[in-house]
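Below: one structure, written as structure tokens.
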Amino acid sequence: MSALRQARVVAAGEWRRMWRDRSALFAIVALLLFCAVAWLASAQRAAQLRGEQARLTALADAQWQAQPDRHPHRVVHFGDFVFKPPSWLASIDWGVESHAGRSLFLEGHRQNTASFSEAGQGDGLLRFGQPSPASVILQLAPLVLIFVGFGAVAGECASGTLRAALLAGANGRAWLLGKSLALWPVALAALLPIAATLPFAGLQAADAWQRAGWLLLAYAAYLVLWCIVVTLVSALARSAHAALLGLLCVWVLWCVALPRAAPALAAFAHPAPERVVSEIRVEDALKAVGDSHNPDDPYFAAFRARTLARYGVDTVEALPVNYGGLVMLEGERLTSEAHAAETRRVDALHAAQNRLVDAFAWIAPPVAAAVASRSLAATDADHHRHFVAAGEARRYALVQALNQLHAEKIAYRNDRAQRLHADHWDAIPRTPYRPPSLAFAWPRAQPALLALLAWLAILAAGLHLCGRWLERRA
């Protein structure tokens, strides 16, 4: 009998055994129930968020269009909103979404942080973590596999069944492969609620189906990895009790300790400043450059001289444009550059933190699976920063367009008393936020997926060597 056929026979026998003692049935029902409940809770939350954001978007548009004729600088301070709508994939893995916020208020002279996060305004249970199918797959599914399969090999070693089979000519590698294959239906049951709802998910983005496909593949690889781990530890343990204890230690280390230690270590190694510290640094940088509200400020005195020379006039009153609007344009440019410089500095620290966390993917497969999951679901910190950057680009374009109206449509004399028709700012584009494509996620998701494949290869090789060791020991 070939080794592959032996593996199938062993898998079928192990499956019948698990089915007879109801362990397989209990495990599958438990995983289906856990994942379905998490999926329903996430889907309901996502639907509520989409409805709330649609209402707020319509309200913001109505308020923008309802503005009366007014001075452009009043519109600058009136502000605008941009929203990041939750996608269907976000309901699989919320990532940082529940804490980072999905709304930005856009106004002149400052950059605001995202707000309206569920962790900040939700109920008490939400503060302990947003339930999601990803949390079931990454944390609970391995635990279920441990309790189902911890005695699969250790029990037969203790009873002498495995030794008798090996002496009768059974292939130890095929035996272990069969035991591992028997756990696959239990493990992959956790993916059924997600896979079953894919055709009805309404994935509208061009690459949403590709993201969903890669996400399911990452989860499947992760669960198969745990099937091998359970079988391997069960084969190496002296008894079923030792196998259970060893597997629980592995689960605590991989699924609890290291995923929490990695961000803490990254924050310690590359400390990033708090928001208030960054704002103080921006203010200090602006003070070092110049104060647009001080007519005697050296920088803006030189700016006034350059402006007069460019237009060939002696006074700001003689300029063909409103000098106050030009000052607003220059002041906004300086403010945005100071914010951008501080943002680049903080983003570099966050990137260093991410690299350190990603390195833990080669130590703990759950870290690799979590990194790949959040990146493919577009809910990691990189996608949040993309949203913030897109919001800042829209804010800067909007404010500078209004400052340009100030410079070109408002006369310098009696500046503050003048008004413009609301059609002027209604014509300024206010495009909604568009999430990035899958190509944006690959630089972070691909190494995590490679780490999962490397772990699969290492553990498969370990299973092969363990099978040969069992043959020699028999």
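Only one residue in GLY213, GLY160 is without any contact (Cβ under 8 Å) to a residue 24 or more places away in the chain, out of contact with any Lys or Arg (no Cβ under 6 Å at 6 or more places or on another chain) and within 25 Å of ALA364 (Cα to Cα), so which one is that?
One residue alone meets the criteria, GLY213.
Could you tell me which numbered condition LEU349 fails, if it satisfies all but one of (1) in contact (Cβ under 8 Å) with a residue 60 or more places away in the chain; (2) among the aliphatic types (A, V, I, L, M); (3) outside any helix (DSSP H, G or I)?
(3)
Scan the stretch 352-365 residue by residue and report those that are part of a helix (DSSP H, G or I) and surrounded by fewer than 24 Cβ atoms within 10 Å (Cβ to Cβ).
ALA352, GLN353, ASN354, ARG355, LEU356, VAL357, ASP358, ALA359, PHE360, TRP362
Yes or no, residue by residue, for (1) part of a helix (DSSP H, G or I); (2) modelled with pLDDT under 85; (3) of a type outside the set (Val, Ile, Thr); (4) more than 15 Å from GLY149 (Cα to Cα):
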| site | (1), (2), (3), (4) |
| --- | --- |
| ALA11 | yes, yes, yes, no |
| ARG16 | yes, yes, yes, no |
| TRP39 | yes, no, yes, yes |
| GLY51 | yes, no, yes, yes |
| THR57 | yes, no, no, yes |
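Might you let me know whether the stretch 322-342 holds any residue that is of a type in the set (Val, Ile, Thr) and modelled with pLDDT of 90 or more? Let's see the steps before the verdict.
Going residue by residue through the stretch 322-342, those that are of a type in the set (Val, Ile, Thr) are 327, 335.
From what is left, the residues that are modelled with pLDDT of 90 or more are 327.
Scanning the stretch 322-342 turns up at least one residue that is of a type in the set (Val, Ile, Thr) and modelled with pLDDT of 90 or more.
Residues that are closer than 30 Å to VAL136 by Cα and open to solvent by 80 Å² or more (accessible area, probe 1.4 Å): list the helices (runs of 4 or more DSSP H) wholly contained in the stretch 246-314 that include at least 1 such residues.
Qualifying helices (runs of 4 or more DSSP H): 258-269.
Just to be sure before I move on: is VAL144 surrounded by 21 or more Cβ atoms within 10 Å (Cβ to Cβ), over 23 Å from the mean Cα position of the chain (by Cα), modelled with pLDDT of 90 or more and within 19 Å of ALA370 (Cα to Cα) in the structure I sent? Walk me through it before giving the result.
Working: surrounded by 21 or more Cβ atoms within 10 Å (Cβ to Cβ): yes; over 23 Å from the mean Cα position of the chain (by Cα): yes; modelled with pLDDT of 90 or more: yes; within 19 Å of ALA370 (Cα to Cα): yes.
For VAL144, the condition - surrounded by 21 or more Cβ atoms within 10 Å (Cβ to Cβ), over 23 Å from the mean Cα position of the chain (by Cα), modelled with pLDDT of 90 or more and within 19 Å of ALA370 (Cα to Cα) - is met.
Within the stretch 426-435, identify whether any single residue is part of a helix (DSSP H, G or I), of a type in the set (D, E, K, R) and buried (at least 17 other Cβ atoms within 10 Å of the Cβ), and answer yes or no.
First pass over the stretch 426-435, keeping only residues part of a helix (DSSP H, G or I): 426.
In the following step, the residues that additionally are of a type in the set (D, E, K, R) were identified as 426.
If we keep only those that are buried (at least 17 other Cβ atoms within 10 Å of the Cβ) as well, we get none.
No, that holds for no residue.
Between ALA187, ALA154, ALA235, ALA242, which is touching a residue at least 40 places away in the same chain (Cβ under 8 Å), more than 22 Å from PRO365 (Cα to Cα) and crowded, with 17+ Cβ neighbours inside 10 Å?
ALA154
Out of the residues in the stretch 382-407 meeting the condition of being open to solvent by less than 30 Å² (accessible area, probe 1.4 Å) and under 26 Å from the mean Cα position of the chain (by Cα), tell me which one is farthest from PRO86 (Cα to Cα).
Per the stated criteria, the residue is ARG395.
The values are calculated or read from the model by the stated rules, or taken from the named source; none is laboratory data. Keep in mind the model is a prediction, meaning the values are calculated, not measured. Neighbour counts are summed over all protein chains in view; Cβ atoms, including those assigned to glycine, are modelled from backbone coordinates with ideal geometry. Heads up: the accessible areas ignore ligands, DNA and RNA and are worked out on the full protein's heavy atoms, side chains in. Shrake-Rupley method; radii C 1.70, N 1.55, O 1.52, S 1.80 Å.
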